[in-house]
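The values are calculated or read from the model by the stated rules, or taken from the named source; none is laboratory data. The structure presented is a predicted model; accordingly, all values stated were derived computationally and were not measured. We place every Cβ from the backbone using ideal geometry, glycine too, and count neighbours over all the protein chains shown. When the accessible area is computed, the model is the full protein with side chains, heavy atoms only, and any ligands, DNA or RNA have been set aside. Shrake-Rupley method; radii C 1.70, N 1.55, O 1.52, S 1.80 Å.
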Amino acid sequence: MNYQGKRWWFIFFQNSILVQKNKEGLVSIPFAPEVDIPKPKDSQIHEYTFHAKYACTAFELKEPLNQHSEYELISLRESFYHLPLWMYQAAGVAQQLIFWDKNTRYCPACGTPTKRKTLIMKKCPHCGKEQYPPIQTAIIVLIQRGDEILLAHAHNFKSEFYGLIAGFVEVGETLEETVKREVKEETGLDIKNINYFGNQPWPYPSGLMVGFTAEYESGEICIQKEELRNAAFFNIKNLPTLPQKLSIARRMIDWWIDQQHKKE
Ligand SMILES: [Zn+2]
């Protein structure tokens, strides 16, 4: 698509993204041929086309913005609630490219400074080892028991909400094995009928969340105290505070709530 040389500029400072506000207070990403912002060296600037359509440039600021700037910084999570979905997703790509680039300056095998070969490949000039952005895969599971679902509060949650059981895939596991293991480890429960629900890139910092539904089979809840503070079955009438809308956890819980309303 031809935008007369205009590009979308995804510019980060740590975990925050640079946005601009128009007169109505609406938030957007800068869209221009150039931006008047100090840039890093060329190898730390990432140019990509998102969804085969949007020309994007991403880089990280070395210093915070000065206070007279026409721009402001908001957290990437917060941006979900202000930007169109594609823009939030393209910002997630930017954040993951920047994160990967910063963490692969040296070859992990021999310690030589790496050379960028493509947008998503670096090669060690000494030993030839290639590096690509790693994606950490995690499962998340909605467990139903009759008209209830299992919700849990984990110690690492950022606020007082209850979410779904989740955990990282370990080497050699199928996704379904991860689901079973995580549920058993964290709650002591056995589950059955594990089915794929959907998935979501999770750029915090570089993950993929794969959602499943399952049914309770047997056991009493016995929480893993290092991971969880509480876990219990809830019905639609006594739900606790739920996760924010940007997460697949909330999308799954909302799907379940919809199913419950249809039954009524
Ligand atoms: Zn090497």
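In deg cm²/dmol, rounded to 500, what helix-only [θ] at 222 nm does the chain give when every DSSP H run of at least 4 residues adds -39500 (n - 2.57) and the total is split over its residues? Dividing the helical sum by the residues of the chain leaves -6000 deg cm²/dmol. Cross-link pairs exceeding 28 Å in C-alpha to C-alpha distance, out of Lys39/Lys123; Lys192/Lys237; Lys6/Lys39; Lys158/Lys262; Lys158/Lys225, comprise Lys158/Lys262. Highest GNM mean-square fluctuation among Met209, Met121, Met87, for the chain modelled with Cα contacts below 10 Å: Met121. Counting only protein heavy atoms and a probe of 1.4 Å, the accessible surface of the chain is 50% carbon and sulfur.
Working from Cα positions, state the angle (0 to 90°, nearest 10) between the long axis of helix 85-102 and the longest principal axis of the chain. Roughly 70 degrees, rounded to the nearest 10. Taking a ≥ b ≥ c as the square roots of the eigenvalues of the alpha-carbon gyration tensor, the range 136-262 is classed rounded because a/c is under 1.5.
Please list, in order along the range 69-78, the HN-Hα scalar couplings obtained from phi with the Karplus expression 6.51 cos²θ - 1.76 cosθ + 1.60 (θ = phi - 60°), rounded to whole Hz, x for Gly and Pro. So the Karplus estimates, Gly and Pro as x, are 4, 6, 9, 9, 10, 10, 5, 4, 4, 4 Hz.
The range 1-28 and the range 63-127 have Cα centres lying 15 Å from one another.
Size descriptors for the range 190-264, from the alpha-carbon set: Rg then Dmax equal 14.1, 40 Å. The long axis of helix 248-263 is offset from the longest Cα principal axis of the chain by roughly 40 degrees. Once the chain from Glu185 to Ser75 is taken as fully extended at 0.36 nm per residue, the excess over their C-alpha distance is 36.3 nm. Solvent exposure of the chain, expressed per residue, is 56 Å² of accessible area, with all protein chains present and a 1.4 angstrom probe. Based on the alpha-carbon gyration tensor of the range 1-47 and its eigenvalue square roots a ≥ b ≥ c, which shape applies: rounded if a/c is under 1.5, prolate if not and a/b is larger than b/c, or oblate? Because a/c hits 1.5 or more and a/b fails to exceed b/c, the range 1-47 counts as oblate.
Taken about its Cα centre, the range 1-141 carries a charge dipole of roughly 580 debye when the Cβ of each Lys and Arg holds +1 and the Cβ of each Asp and Glu holds -1. Note on the chain: percent of Cα-Cα distances in each 10 Å bin, starting at 0 and stopping at the bin with the largest distance, equals 6, 24, 27, 23, 15, 4, 0.
Magnitude of the charge dipole for the chain, about its Cα centre and with charges confined to Cβ atoms of Lys, Arg (+1) and Asp, Glu (-1), is about 980 debye. Distance between the C-alpha centres of the range 191-264 and the range 159-180: 10 Å, rounded to the whole angstrom. Label-to-label distance, Lys62 versus Lys263, with points set 7 angstrom from Cα along the beta-carbon direction: 6.0 nm. Positive-end ranking of Tyr204, Val183, Ser247 along the dipole of the range 113-264, with charges on Cβ about the Cα centre, is headed by Tyr204. Considering all C-alpha pairs of the range 7-103, those separated by over 16 Å amount to 52%.
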